[in-house]
Amino acid sequence: MKSKKKQIAPLELISGDYYINEDGLMVFTTQYHKRRGYCCANECKHCPYKKIK
């Protein structure tokens, strides 16, 4: 039996949600994480939520 995960629509990006680092990668800011409202457990650089063990 296949597990059905609920699809969540991605947030529209607004000014201040991310920056491009020196390696050319998009880095989400604390502002973005707070708007999203939860921790994704990917150890994001600017995550404002407590780390999940």
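The values are calculated or read from the model by the stated rules, or taken from the named source; none is laboratory data. Just so it is clear, the model here is predicted, and its values are computed rather than measured. Positions of Cβ are generated from backbone atoms using ideal geometry, with glycine treated the same way; all protein chains shown enter the neighbour counts. Areas reflect the complete protein model, heavy atoms only, side chains present, ligands, DNA and RNA absent. Shrake-Rupley method; radii C 1.70, N 1.55, O 1.52, S 1.80 Å.
Summary table
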| item | result |
| --- | --- |
| Förster radius 30 Å - calculated FRET efficiency between Lys5 and Gln31, Cβ distance, rounded to 0.05 | 0.70 |
| Amide H within-cut-off set for Tyr18, under 5 Å, with H built and near neighbours excluded | Thr29 |
| Cα shape, the chain, gyration tensor, a/c 1.5 rule | prolate |
| Heavy-atom accessible area per residue - the chain, 1.4 Å, Å² | 97 |
| Carbon + sulfur, % of accessible area of the chain - ligands and nucleic acids excluded, 1.4 Å | 54 |
| The chain, helix-only ellipticity at 222 nm - DSSP H runs n ≥ 4, -39,500 (n - 2.57), divided by all residues, nearest 500 | -3500 deg cm²/dmol |
